Amino acid sequence: MSSRQATIEVNAVSKWYGSVVAVNDVSFQVYPGITGLLGPNGAGKTTLLHMMAGLAGVSKGEVKVLGQTPRNNPELYRRVGVQSEHEAVYSFLTGRQFVELSADLHGVPDKADAIQRAIQSVNLLEAQHRPMGTYSRGMRQRMRLAASLVHDPDVLILDEPLNGTDPRQRIEFNDLMKRLAAAGKTILISSHILEEVETLAGSILLMVTGKLAAAGDYRAIRAKLDERPFKVRIVSSDNRALASGLIGLAAVESVALDIDGSLMVLSRNVAVLQQSIAKLAQEKQVRLLRVDPLDETLESVFTYVVNRS
């Protein structure tokens with residue numbers, strides 16, 4: 001990542017409202033591709049997004065988007081697409097009129113073609129002439145996304161864009177985000193739907209109580225959490241015989257027999273454990289059926305970092 005140009009730079013940024021500190025001395029960089037912004041409610045995610053989108057100023061520090069300060073910068077807004085968390089739509093406007101309004105605000109030159117492309121990208125051509133008041137919540141989210149894309153921005157800032165969407169709409173959203181990222185766009189997505197972020201984002205930013213608690217690939221973050229052993233479930237043809245051998249391995253902290261008969265192993269070095277298991281099974285004449293790491297997911301990383309902070 002160091003060989004690429006950072007699209008968004010946040011340097012020692014703080015934001016406070018009176019005596020309330022919403023963001024506290026946060027620094028990070030965002031590069032082309034998809035980055036997930038995660039954290040519990042009240043962590044400061046939306047405040048950060050507002051500062052990057054130019055909707056709020058910083059109290060201290062500096063935010064740069066495409067090398068420019070976003071606050072009060074209309075020229076930069078033409079290169080940034082923003083979808084806020086709140087559904088700010090006019091229910092009497094048709095979907096097409098709503099996207100057209102965004103095109104007008106951004107000064108899109110070839111407006112008709114741009115509107116058509118944006119609406120087509122979210123698969124709402126058939127519903128574009130209906131009032132948005134008749135849309136489902138998921139449809140409104142998709143048309144709002146079309147309005148954020150109509151001016152073909154270089155940077156997309158999306159705050160909870162998956163709220164109200166059904167499984168099919170989420171698949172379509174993922175496909176669209178991946179196409180945009182492949183085209184060189186920078187996409188920053190705030191979401192509480194961790195399994196979706198896990199399949200999309202190449203990098204995550206994890207906010208807790210206004211501070212940046214972790215950043216990078218979530219698997220790399222998990223690997224650095226040395227104080228928390230990895231959980232591994234093992235199923236074999238003779239779990240009890242295997243357990244007696246596992247207890248003596250240096251890579252194993254504990255072994256327990258789960259209620260379903262499988263072995264639950266805690267280890268601080270899964271790579272060594274996996275190598276040792278195969279040799280041990282051969283020695284014990286036991287056939288391995290499954291070896292599953294249980295907590296190498298974004299949800300496990302999120303839960304542990306939030307609870308620790």
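The values are calculated or read from the model by the stated rules, or taken from the named source; none is laboratory data. Fair warning: this is a prediction, and the values are worked out from it, not measured in the lab. Note that each Cβ is placed from the backbone with ideal geometry, even for glycine, and that neighbours are counted across all protein chains shown.
Restricting attention to the range 251-284, the residues that are closer than 13 Å to residue 240 by Cα and of a type in the set (S, T, N, Q) add up to 1.
Suppose we filter 59, 84 for residues that are modelled with pLDDT under 95 and touching a strand residue (DSSP E or B) at 6+ places or on another chain (Cβ under 6 Å); which single one remains? Walk me through it before giving the result.
On the way: 59 fails: modelled with pLDDT under 95.
Going through 59, 84 in turn, the sole match is 84.
Looking at this structure, is residue 138 at pLDDT below 95, in a loop (DSSP other than H, G, I, E, B) and surrounded by fewer than 21 Cβ atoms within 10 Å (Cβ to Cβ)? Here the answer is no, as residue 138 does not meet what is asked.
Every residue, every condition in (1) assigned to a helix (DSSP H, G or I); (2) under 27 Å from the mean Cα position of the chain (by Cα), yes or no:
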{"position": "92", "(1), (2)": "no, no"}
{"position": "101", "(1), (2)": "yes, no"}
{"position": "165", "(1), (2)": "no, yes"}
{"position": "198", "(1), (2)": "yes, yes"}
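Scan the range 1-14 residue by residue and report those that are assigned by TED's automatic domain parsing to the domain that holds residue 199 and either free of Cβ contacts under 8 Å to residues at least 12 places away in the same chain or part of a helix (DSSP H, G or I) (or both). Of everything in the range 1-14, nothing turns out to be assigned by TED's automatic domain parsing to the domain that holds residue 199 and either free of Cβ contacts under 8 Å to residues at least 12 places away in the same chain or part of a helix (DSSP H, G or I) (or both).
Kindly indicate whether any position in the range 59-80 is of a type in the set (Gly, Ala, Ser), part of a helix (DSSP H, G or I) and over 23 Å from the mean Cα position of the chain (by Cα). Working first, answer last.
We begin by selecting, within the range 59-80, every residue of a type in the set (Gly, Ala, Ser); these are 59, 61, 67.
From the residues that got through so far, the ones that are part of a helix (DSSP H, G or I) too are none.
No.
Report, by residue number, each residue of the range 1-10 that is at pLDDT 90 or above and surrounded by fewer than 14 Cβ atoms within 10 Å (Cβ to Cβ).
None - no residue of the range 1-10 is at pLDDT 90 or above and surrounded by fewer than 14 Cβ atoms within 10 Å (Cβ to Cβ), so the list stays empty.
Here's the yes/no breakdown for (1) among the basic types (Lys, Arg); (2) over 30 Å from residue 136 (Cα atoms); (3) not assigned by TED's automatic domain parsing to the domain that holds residue 12:
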| position | (1), (2), (3) |
| --- | --- |
| 164 | no, no, no |
| 167 | no, no, no |
| 191 | no, no, no |
| 207 | no, yes, no |
| 232 | no, yes, yes |
| 236 | no, yes, yes |
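In the range 103-131, which residues are out of contact with any His (no Cβ under 6 Å at 6 or more places or on another chain), over 24 Å from residue 170 (Cβ atoms), touching a residue at least 24 places away in the same chain (Cβ under 8 Å) and not in a helix (DSSP H, G or I)? Passing the criteria: 107, 129, 131.
Output the number of residues of the range 33-51 satisfying the condition of being without any contact (Cβ under 8 Å) to a residue 24 or more places away in the chain and farther than 16 Å from residue 13 by Cβ. Step through it out loud before you land on a result.
Applying the first criterion (without any contact (Cβ under 8 Å) to a residue 24 or more places away in the chain) to the range 33-51 yields 41, 50.
Those left that are additionally farther than 16 Å from residue 13 by Cβ: 41.
Adding up the residues that qualify gives 1.
From the list 257, 212, 242, 246, the one residue that fits, being surrounded by fewer than 20 Cβ atoms within 10 Å (Cβ to Cβ), modelled with pLDDT of 85 or more, more than 29 Å from residue 171 (Cβ to Cβ) and in contact with a Leu (Cβ under 9 Å, 6 or more places away or on another chain), is 257. Checked against the criterion of being closer than 14 Å to residue 153 by Cβ, buried (at least 17 other Cβ atoms within 10 Å of the Cβ) and in the same structural domain as residue 210 (by TED's automatic domain parsing), the candidates 108, 58 yield just one match: 108. Among 17, 77, which is in the same structural domain as residue 206 (by TED's automatic domain parsing) and either buried (at least 23 other Cβ atoms within 10 Å of the Cβ) or over 28 Å from residue 200 (Cβ atoms) (or both)? Residue meeting the stated conditions: 17.
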